[in-house]
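The values are calculated or read from the model by the stated rules, or taken from the named source; none is laboratory data. Everything quoted here is computed from the prediction, not taken from an experiment. Glycine also receives a Cβ, built like all others from the backbone with ideal geometry; neighbour counts cover every protein chain displayed.
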Amino acid sequence: MRINLKYIILIVLLFGITLCNAQSFDLQAFADSTKYGWKDYLDRAEYRKDLTYRQNKLQLYELEAVPFGGNVLKSAVIPGWGQFATKHNSKATVILSAELISVISALYFYNQASTNYDRYQNATQVDEINDYWSKAEIPYHYSLLMVGLAGVIWLYNMYDVVMSTNEYNENLWQDIMNRDSSPLKLSPTGLELRF
C-alpha cells in the first residue's frame, strides 16, 4: 500500500508543478498575422491558396513517384527492371540483354568445360588426357570471364538505377509543377486528357 501511495503523491506533485509553471496563452499574439509576413487577411488567403495548391501537387507526386528502395530491389533481382520502371527503356533493354548474354555465355562455356573435364577424368591415354584437359581449361577460363562480366554489368545496373530513379523523380516533380490545372491539354503528339 505504501508503494501505491508514493506514486500517487509523486503524480500529484508533478501535476502541481506543471500547473505552477504553465503560462497563459496569448490569443492576440497567436492571431497576429504580421509575424508571417502577411499584411492583411487577403495575403493570408493567398498564402492558404498557394499552400493548398502545393499540397495537391505533392499528393500527385507521391502517387506517381517511383519509390527508391523498391526500384533498387527490382534491379537487384532482375537487372534493368528498375530502369524500365523509370521509363529508361533503351537503357534497360541494353542492361538486361548484356546481363542475359553474359550469364548464358558463362553457362555455355562452363558446360563445355564440364563435359571435357568429365572426358578428361575418364581418359586412359596420355594424349587424350592432355587433349581433354586443354579443352576443359580454356572454356572454364571463358566462363569465369563471363561471370566477372555479368558481375560488372550488375554493379553498373545498381549504380544506374540509383541515378535513373533520382532523375526520374526530379523530372516528375518539375512536370507536375508545370502541369496546368486543366485536364485537357494540347501537346505536340496530340490531345492529352489527365484525370
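Values computed for the structure shown
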item: Residues of the stretch 35-46 satisfying the condition of being part of a loop (DSSP other than H, G, I, E, B) and surrounded by 14 or more Cβ atoms within 10 Å (Cβ to Cβ); result: 38
item: Failed item in (1) surrounded by 13 or more Cβ atoms within 10 Å (Cβ to Cβ); (2) out of contact with any Gly (no Cβ under 9 Å at 6 or more places or on another chain); (3) among the charged types (D, E, K, R), with residue 118 passing the rest; result: (1)
item: From the options 124, 115, residue that is modelled with pLDDT under 95, assigned to a loop (DSSP other than H, G, I, E, B) and either closer than 30 Å to residue 170 by Cβ or not acidic (Asp, Glu) (or both); result: 124
item: Qualifying residue in the stretch 47-65 (condition: of a type outside the set (Val, Ile, Thr), modelled with pLDDT of 90 or more and in a loop (DSSP other than H, G, I, E, B)); result: yes
item: Those residues of the stretch 47-65 which are surrounded by 11 or more Cβ atoms within 10 Å (Cβ to Cβ) and polar (S, T, N, Q), in sequence order; result: 56, 59
item: Neighbours by Cβ (under 7 Å, 6+ apart or cross-chain): first from the stretch 119-141, within 16 Å of residue 107 (Cα to Cα); second of a type in the set (A, V, I, L, M); result: 136/113; 139/113; 140/113
item: Test: residue in the stretch 97-107 that is in contact (Cβ under 8 Å) with a residue 24 or more places away in the chain, over 20 Å from residue 77 (Cβ atoms), surrounded by fewer than 17 Cβ atoms within 10 Å (Cβ to Cβ) and not polar (S, T, N, Q); result: no
